[in-house]
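These notes are about the structure you will find just below.
What follows is calculated from the coordinates using simple rules that are stated; it is not laboratory data. Bear in mind that the values here come from a model prediction, so they are computed numbers and not experimental data. A quick note on method: Cβ atoms are made from the backbone with ideal geometry, for glycine too, and the neighbour counts reach across all protein chains shown.
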Amino acid sequence: MSDTPRILVVDDDPKVLHILTHFLKSKGYEVFNASNGREALDRMEQDKPDLAFLDIDMPIMDGREVLAAMKERAIQLPVIVITAFSSMDVAIEAIRFGAYEYLTKPFDLGNVEKLAKRCLEEESLKPALKQPAPSDPETLNRYTIVGSSPSMVEVYKKIGAASKTDNSTNVLILGESGTGKELVARQIHIWSENAKSPFVPVNMTALPDQLIESELFGHEKGAFTGALQKKQGKFEQAGMGTIFLDEIGSLSYDLQLKLLRVLQEREFYRVGGHEVVKVNCRIIAATNENLEGKIENGSFRNDLYYRLRVLAITLPPLRNRLEDIKPLAEHFFNKHAARLGRPLPELPEETLTWLKNQTWPGNVRELENTISRVMAVNPRNRVLPEDFYEVTLDRDTLDLPIPDDNLEQARQLVNDAFERKFIEKGLMQAGGNISKAAERAGISRQRFHQLMKKHEISGENFR
């Protein structure tokens, strides 16, 4: 790098080009311009800049094609991607293709200066990718994550960084129930080199302790009563793909030790077996529990925690990204309208405002489940706040159409609404695990299940 760092600014918008160029020159940098991707590549090879600000959406050759061409030509140059449209796939793709950072327009010039300084201090980019973006749009869209808030853009960048690593790099996803931990795990898998290999999810709370070992590692014929034939475990089924261990915090201490050995040695024995089986998959774990607190009270192994947390991604609760509620609501209304074969309903501003004002303790999952129920009971093509009163119960008030001429009927209506909300919230917090939800509620599993049956609630909708 020369004494005066050289920066290339690439954008087809003359106004953005002028502002960035003038600003960076005022900070003492030598600045070059390009208005399209082809010109940018020529500049990179001729002028040898130390850093590039690269717009994604351009005519002739867009930013994605520039990043791909840079790899083909072995141009080692830190790139800060800029775009007017913040989305999950653009952010992940930019980071996967080697971009150093990702900025959305309009951007803060002070942040531009900080990024430029920080980037120029780095010695080199992270390793380049070995394969292009996913070629199966249907799979990508099925597990899309909606939101463009700053906290979610950070999540997308971490997904991109995680997907660039090999299968020996474990990932730990943290966040409250309903924040989308499995979606993040699936996106890491979808964008990885081994996307065509299986993605195998395992809900640790759905299995009794005595079955988890066999479920994960498989067993040999005759290993125990009922083992009538040899069975592959989830680790073998994942092959070169990904195994997703959901709610890892619920794993018993003894099984934590067995999992730790697998992480350390990358191999295991089937239950009752003597043949070593190699672990080839990526391991992604997730939990809504405070693992550091569990380490302090002795219920979770410190060494296992750090083995799992090679890369960590923490998902923000919905209440901390209110700007994402509108695109999320529109996405879910569109999804469930299509499922029901109905046109997308009109969402007045008052409805979106009402949605933003709710606390959503069950996060994105609660928002989707609520919208799904509204779509099921509301035949109109316009959704108003009062349409939610039949399927939600406000934390502080009962905003229900209560009859004023029959006390017992009114009391029953309120009691039923409370029961339904209580059961649904318990299932959300327990990730759909009925036993865990019943324990938290202080009632028997049988009684909890009776209430679910009464209100026609399925635990599958909360997993």
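Need one number: % antiparallel among DSSP beta bridges in the chain, to the nearest 5.
10
Taking a ≥ b ≥ c as the square roots of the eigenvalues of the Cα gyration tensor of segment 6-121, is the shape rounded (a/c under 1.5), prolate (a/b larger than b/c) or oblate?
Rounded is the answer for segment 6-121, as its axis ratio a/c remains below 1.5.
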(request) Using packing as a proxy for protection, rank 37-44, 108-115 so that the peptide with the highest average count of other Cβ atoms within 10 Å comes first. (result) 37-44, 108-115
(request) Quick one: of Lys158/Lys436; Lys71/Lys117; Lys181/Lys453; Lys335/Lys356, which pairs are farther than 21 Å apart, Cα to Cα? (result) Lys158/Lys436; Lys71/Lys117; Lys181/Lys453
(request) At 7 Å along the Cα-to-beta-carbon direction for both Arg261 and Arg440, put a label point, then send me their distance in nm to one decimal. (result) 3.3
(request) Kindly provide the helix-only [θ] at 222 nm of the chain, computed as the sum of -39,500 (n - 2.57) over DSSP H runs of four or more divided by all residues, to the nearest 500 deg cm²/dmol? (result) -13500 deg cm²/dmol
(message) Need the C-alpha centroid separation for segment 336-355 versus segment 1-59, integer Å.
(response) 43
(message) Assuming 0.36 nm per residue, please report the length gained on full extension of the stretch Ala376 to Arg342 beyond their Cα-Cα distance.
(response) 11.2 nm
(message) Testing the spin-label approximation: label points 7 Å from Cα along Cα→Cβ at Glu275 and Glu289. State their distance in nm.
(response) 3.4
(request) Could you please state, rounded to a whole Å, how far the C-alpha centre of segment 296-326 is from the C-alpha centre of segment 186-237? (result) 23
(message) Only four residue types carry charge here, +1 at the Cβ of Lys and Arg and -1 at the Cβ of Asp and Glu. Report the dipole size of the chain about the Cα centre in Debye, rounded to the nearest 20.
(response) 1240
(message) With 10 angstrom as the radius, rank Trp191, Trp354 by how many other C-beta atoms surround their C-beta, starting from the fewest.
(response) Trp354, Trp191
